[in-house]
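For reference, the structure is listed below as structure tokens.
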Amino acid sequence: MKPRNGVLASRRSALSAMALSAMAAALLALPSSGLSADLPGEGKTVRPGYTGLLEERFQTEVVIIGLERLGYEVEEMKLMDVPALHVATGQGDLDFIAAHWDPLQTAFYTQAGGPDTVTKVGTLVEGCMQGYLIDKRTADEYHITNIDQLRDPEIAKLFDSDGDGKADLAGCPPGWGCERVVEHHMDAYDLRKTVTHRQGQFGAMAADTVTRFKAGERVLYYTYTPLWLSQVLIPGKDVEWLEVPRTDLPEEQQDLDLNTKLPDGRNIGYPVNVMRVMANNEFLAENPAARAWFELVTVPVEDVNAENLKAHEGEDSFEDVRRHAQEWVDAHEEQVSAWLAEAAKAQ
């Protein structure tokens, strides 16, 4: 009998080892946030939207990683232009977008149904700047500090790239929201006679601006941050912000108490924006944990700028951007875990 007892003991030992191995695997599979196995998002699917701008995918991926750790299954981002993303979220065809610019895209928020259908949640990225810049060499040589000086045909002619005698402003693509402000400024500051607002694919225009700058040509352009462009053409070193004669914004932003000044007091005409999650109200009501996560998560604008530069320099696949987001989460694990634990309590 002893040999048989030995076989049984051996089998029991093997089974115990298998059970322990399975338990260890299960524990490792749990989220690192300290959440229980009974996650608030289990069995639920989330549908995010996305503009197609690689520069906005990074922070969206950070939000998605948090939702996944709360147990949600997150579908691949739906690609639409900015107005359509807002409307789709309002109609319930999408659950959220993570790059609503507030207050720049107020008109799109209203078109989506406003507070009756959607809610702006949290402060995902603060300190988002916009404005007009020119190369520092020309700014210093001709003492150009204000866009109002482009009303002078001789000054405007300095930035003429097509020979028509008017300054060519590399501007904002249609449908983004920023084009509404540029077009408003063209009239408010009386620039139509001397300045042409060039619109096109923004990445191509930005790359052309850099190429022309490096070739020693003068440049005049609109840009925003976070974006890689201001990491390549650095304000104060390579280029200079242009001031505006006064703050003058489209109707939907006129009654808001907005700061349009740089820290040094220069008025660049665009309010400092916050990039927020905008989500469908029904989704938020049914998913308190997701709402709490949206309210808590925040990514410094400097970190978004740094990631955007990595993407611009070649790490630009969706897989690369997802990896960048995961690396950011790993580097801020203690804070992310605390946010997730707090979000789980809301359920």
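Every residue, every condition in (1) under 24 Å from PRO245 (Cβ atoms); (2) surrounded by 22 or more Cβ atoms within 10 Å (Cβ to Cβ); (3) polar (S, T, N, Q); (4) modelled with pLDDT under 95, yes or no:
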| position | (1), (2), (3), (4) |
| --- | --- |
| TYR72 | no, yes, no, no |
| HIS86 | no, yes, no, no |
| THR89 | no, yes, yes, no |
| PHE96 | no, yes, no, no |
| TYR132 | yes, yes, no, no |
| ALA139 | yes, no, no, no |
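Checked against (1) surrounded by fewer than 18 Cβ atoms within 10 Å (Cβ to Cβ); (2) at pLDDT below 95, HIS312 meets all criteria but (1). Take the residues in region 211-235 that are more than 24 Å from the chain's Cα centre (by Cα) and small (Gly, Ala, Ser), then tell me which one is farthest from THR138 (Cα to Cα). Within region 211-235, the match that is farthest from THR138 (Cα to Cα) is ALA215.
In region 93-110, the qualifying residues are those that are of a type outside the set (A, V, I, L, M) and touching a helix residue (DSSP H, G or I) at 6+ places or on another chain (Cβ under 6 Å), and the one that is nearest to PRO300 (Cα to Cα) is PRO103.
Scanning region 211-228 for residues being at pLDDT 95 or above, aliphatic (A, V, I, L, M) and crowded, with 18+ Cβ neighbours inside 10 Å gives a total of 2.
Can you name every residue in region 112-135 that is under 23 Å from VAL46 (Cβ atoms) and not charged (D, E, K, R)? ALA112, GLY113, GLY114, PRO115, THR117, VAL118, THR119, VAL121, GLY122, THR123, LEU124, VAL125 - these are the residues of region 112-135 that are under 23 Å from VAL46 (Cβ atoms) and not charged (D, E, K, R). Checked against the criterion of being in a helix (DSSP H, G or I) and in contact with a strand residue (DSSP E or B) (Cβ under 6 Å, 6 or more places away or on another chain), region 195-206 contains one or more residues that satisfy it.
Please work out if LEU169 is assigned to a helix (DSSP H, G or I) and either outside the structural domain of THR106 (by TED's automatic domain parsing) or among the hydroxyl-bearing types (Ser, Thr, Tyr) (or both). In short, no. Taking the stated definitions as given, is GLU76 surrounded by fewer than 24 Cβ atoms within 10 Å (Cβ to Cβ) and in a loop (DSSP other than H, G, I, E, B)? In short, yes.
Within region 285-298, can you find the residues that are under 15 Å from the mean Cα position of the chain (by Cα) and surrounded by 23 or more Cβ atoms within 10 Å (Cβ to Cβ)? PHE294, VAL297, listed by residue number. Among the conditions (1) under 17 Å from VAL219 (Cβ atoms); (2) assigned to a loop (DSSP other than H, G, I, E, B), the only one that VAL182 does not satisfy is (2). Between GLU319, GLU282, the distinction of being within 19 Å of the chain's Cα centre (by Cα) and either outside the structural domain of LYS120 (by TED's automatic domain parsing) or outside any loop (DSSP other than H, G, I, E, B) (or both) belongs to GLU319 only.
Here ALA207 clears all of (1) in contact with a Lys or Arg (Cβ under 8 Å, 6 or more places away or on another chain); (2) under 28 Å from THR51 (Cβ atoms) except the condition numbered (1). Put simply, of ALA306, ALA343, ALA325, ALA290 the only residue that is within 24 Å of THR106 (Cα to Cα) and either part of a helix (DSSP H, G or I) or out of contact with any Phe, Trp or Tyr (no Cβ under 9 Å at 6 or more places or on another chain) (or both) is ALA290. Note on region 315-327: among residues that are without any contact (Cβ under 8 Å) to a residue 40 or more places away in the chain and over 18 Å from GLU68 (Cβ atoms), the one that is surrounded by the fewest Cβ atoms within 10 Å (Cβ to Cβ) is SER317. Within region 328-337, the set of residues being without any contact (Cβ under 8 Å) to a residue 40 or more places away in the chain and either part of a helix (DSSP H, G or I) or more than 22 Å from the chain's Cα centre (by Cα) (or both) comprises ASP330, ALA331, GLU334, GLN335.
Tally time: how many residues in region 219-234 are within 16 Å of ALA170 (Cβ to Cβ) and either free of Cβ contacts under 8 Å to residues at least 40 places away in the same chain or not in a loop (DSSP other than H, G, I, E, B) (or both)? Number of matching residues: 8.
The values are calculated or read from the model by the stated rules, or taken from the named source; none is laboratory data. All figures in this text were calculated on a predicted structure; none of them were measured in a lab. We place every Cβ from the backbone using ideal geometry, glycine too, and count neighbours over all the protein chains shown.
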